[in-house]
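Each remark here refers to the structure printed beneath this line.
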Amino acid sequence: MAVDAPLLLVQGDEDIRVHPERTADLFDRLCLAEQLTEYHLFIGTDHDTVLAASEQTVEAWLENRLAGRD
């Protein structure tokens, strides 16, 4: 059952704590459950650096949600 709120996933392709394959699998399962989900894989980042690399993506995503855009 899908939650009535969008979800953003950001992942570093060099992450050894949360492996990219697991996040990609989670994204696939969320989509099958009809959960509105956006997934971004950031090349050259790991668990510690993905947040800085994804800052603009996260900010834009939040701005769109707060403005009522899916």
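Below are the figures for this structure:
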| read-out | value |
| --- | --- |
| Looking only at the stretch 19-43, and only at residues there that are surrounded by fewer than 15 Cβ atoms within 10 Å (Cβ to Cβ) and of a type in the set (A, V, I, L, M, F, W, C), the one that is nearest to G68 (Cα to Cα) | L36 |
| All positions within the stretch 54-68 that are within 13 Å of L9 (Cα to Cα) and open to solvent by less than 70 Å² (accessible area, probe 1.4 Å) | S54, T57, V58, W61 |
| Selection status of E14, open to solvent by 80 Å² or more (accessible area, probe 1.4 Å), outside any helix (DSSP H, G or I) and out of contact with any His (no Cβ under 7 Å at 6 or more places or on another chain) | yes |
| Where a residue in the stretch 4-20 is touching a residue at least 12 places away in the same chain (Cβ under 8 Å) and under 11 Å from T45 (Cα atoms) and its partner, wherever it lies, is of a type in the set (S, T, N, Q) and not in a strand (DSSP E or B), with Cβ under 8 Å and at least six apart | V10/S54; V10/T57; Q11/T23; G12/T45; G12/T49; D13/T45; E14/T45; D15/T45 |
| Where a residue in the stretch 43-70 is closer than 11 Å to P6 by Cα and its partner, wherever it lies, is among the polar types (S, T, N, Q), with Cβ under 8 Å and at least six apart | D70/N64 |
| Unmet criterion (only one of (1) modelled with pLDDT of 95 or more; (2) assigned to a loop (DSSP other than H, G, I, E, B); (3) loosely packed, with under 15 Cβ neighbours inside 10 Å) for D46 | (3) |
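The values are calculated or read from the model by the stated rules, or taken from the named source; none is laboratory data. Only a predicted model underlies this, so the values are computations on that prediction, with no experimental measurement involved. With ideal geometry, Cβ positions are generated from the backbone for all residues, glycine too; neighbour counts draw on all protein chains shown. Remember, those area values only see protein heavy atoms, side chains included, never the ligands or the DNA or RNA. Shrake-Rupley method; radii C 1.70, N 1.55, O 1.52, S 1.80 Å.
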